[in-house]
Amino acid sequence: MATQSPQEQVNSQLNNIRWSLEKLQKQVKLTSARDRIEDLDTKIKGLAQRVLSLRNRGYPFERILESQSGDLLKKWQPLRQAVQIQINQQSTLLENALRPLEAKLGQAVNATRSPAMAAPILKSLAAELDNLENKASAAESTISGMYDQLEAEANKVFSHLLQLEWAYTCLDQACFKLMPTEALVMAVKAVWTRDGREDKDDPDGILYLTDQRLLFEQKEEVATKKVLFVTTERKMVQQLACEVPLALIQDLQATKQGMFKNEDHLNLTFKSGAPYQQMHFHLDGQNCNDWKSLINRVLSGEMTKDRAIAVDQVEVEKVKNAPTICPSCGGTIQQVILRGQESIHCEFCGGVIRL
């Protein structure tokens with residue numbers, strides 16, 4: 001590679017300084033900080049409406065959501081004003097510090113005809129630009145430090161609402177309907193590994209957790225025609241593949257699997273009377289321990305206590321007063337009766353028992 005001449009070296013330095021100056025002209029306005037607080041402002045102001053929308057879609061749990069959204073807004077309003085004042089003050093100081101450097105660039109351009117004269121000017125200008133860039137970065141850090149904690153709290157609520165909104169959108173598009181007064185707790189993309197070992201034939205779909213059941217809906221495109229092992233035709237399969245009352249869960253294990261322990265798995269063992277002895281799900285995009293906690297909260301009754309919308313007590317009493325003996329054959333009814341069921345079938349005589 002040919003060695004640059006002094007003139008070429010000066011021209012190269014000048015181009016680098018021009019690029020740094022253009023970048024700094026944007027940075028000193030603290031545009032990224034302004035955009036960040038505007039995004040946060042929009043998020044926090046929209047939380048209450050999003051919670052209300054979820055309630056209207058049927059989500060009755062976590063009565064704290066309303067107060068969380070209100071508390072975040074109360075904290076944010078005075079803090080936003082303080083942050084805005086700090087941004088305006090810091091950007092004014094930074095822009096004032098940049099003006100002499102812009103003038104110095106003009107001097108450097110005029111001096112480039114003499115590399116010997118231009119070199120020290122460019123070196124000094126580059127150092128001053130670096131120093132101002134460090135000050136701008138420090139100002140951005142100071143400003144973000146004013147609301148980092150609140151932003152983290154808001155983002156946690158925001159992400160949780162996103163998950164719930166996605167779950168209810170999946171339910172809206174599902175091939176089945178929940179029973180009256182049954183409520184969705186959460187949903188997650190999952191693979192039902194029917195023998196505990198995942199393979200390409202295992203159904204892919206959505207695992208739903210309600211306050212009464214686990215339901216798995218297969219929802220995937222499957223190959224219907226292949227030519228020389230290449231898929232040429234596909235069809236969408238969407239069907240309710242399995243459902244189990246939560247009351248029949250005997251044991252629940254959440255495990256991290258895979259080479260890097262980054263795969264989330266749920267293994268469920270069921271009591272006598274369940275349609276399956278065991279079920280295994282590979283979850284996609286949500287933490288298996290979070291799911292274990294959710295299921296246990298439903299089983300313990302904690303989710304019911306944390307309702308913002310009460311359950312219809314008529315339906316609750318209907319389950320409590322359900323018959324324990326078949327009126328036709330006298331057989332003992334052992335099956336789990338769910339809220340919202342209108343009837344059950346006697347497992348001995350097959351008779352229909354109205355609830």
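Once the chain from Arg57 to Gln89 is taken as fully extended at 0.36 nm per residue, the excess over their C-alpha distance is 7.0 nm. The eigenvalues of the Cα gyration tensor, multiplied by 5 and square-rooted, give segment 191-343 an equivalent ellipsoid with semi-axes of 34, 21, 15 Å from largest to smallest.
Among the helices of the chain, those built from whole DSSP H runs whose Cα atoms reach 27 Å or more along their own axis and whose mean Kyte-Doolittle hydropathy is at least -1.0 are 31-57, 64-111, 115-145, 148-173. Taken about its Cα centre, segment 180-293 carries a charge dipole of roughly 180 debye when the Cβ of each Lys and Arg holds +1 and the Cβ of each Asp and Glu holds -1. For segment 158-272, lysine pairs with C-alpha atoms less than 30 angstrom apart, excluding pairs fewer than eight positions apart on the same chain, total 28. Translational diffusion of segment 79-197 was estimated from the Stokes-Einstein equation, with Rh taken as the Kirkwood radius over Cα pairs; at 25 °C and 0.890 mPa s the coefficient is 120 µm²/s. Helix content alone sets the calculated 222 nm mean residue ellipticity of the chain: runs of n ≥ 4 DSSP H residues at -39500 (n - 2.57) each, divided across all residues, give -17500 deg cm²/dmol. Counting only Cβ charges, +1 for Lys and Arg and -1 for Asp and Glu, the dipole size of the chain around its Cα centre is about 580 debye.
Annotation: aspartates and glutamates with alpha-carbon distance below 15 angstrom to Lys135 (same-chain offsets under eight excluded): Glu95. Taking Ala152, Ala167, Ala127 as the candidate residues, the one with maximal mean-square fluctuation in a Gaussian network model of the chain, Cα springs under 10 Å, is Ala127.
Within the chain, the ratio Rg/Rh, alpha carbon atoms throughout and Rh by Kirkwood, equals 1.21. Taking GluC sites (Glu not before Pro) across segment 284-350, the ones in a DSSP loop with at most 12 further Cβ atoms lying within 10 angstrom of their Cβ are Glu342. In the context of the full set of protein chains, segment 253-307 has a per residue accessible area of 57 Å² (1.4 Å probe). Taking 4.7 Å between C-beta atoms as the pairing limit, the chain has these partnerless cysteines: Cys170, Cys175, Cys242, Cys288.
Accessible area of Ser114 (1.4 Å probe, protein heavy atoms only, ligands and nucleic acids ignored): about 40 Å².
Carbon and sulfur atoms: what percent of the 1.4 Å accessible area of the chain do they account for? Here it works out to 50 percent.
Per the Cauchy relation, a quarter of the hull surface: what is the mean projected area of the convex hull of the alpha carbons in segment 39-136, in nm²? That works out to 9.5 nm², a quarter of the Cα hull's surface. Ordering Ala154, Gly196, Cys170 by Cα displacement along the dipole of segment 137-256 toward the positive end leaves Gly196 in first place; charges were set at the Cβ atoms of Lys, Arg (+1) and Asp, Glu (-1). Charge tally around Asp290: other residues with Cβ under 11 Å, Lys/Arg +1 each, Asp/Glu -1 each, net +1.
The values are calculated or read from the model by the stated rules, or taken from the named source; none is laboratory data. This structure is a prediction, so every number in the text was calculated from the model and none was measured. Note that we place each Cβ from the backbone using ideal geometry, even for glycine, and neighbour counts take in every protein chain shown. Accessible surface is based on the protein model in full, side chains and every heavy atom, while ligands, DNA and RNA are left aside. Shrake-Rupley method; radii C 1.70, N 1.55, O 1.52, S 1.80 Å.
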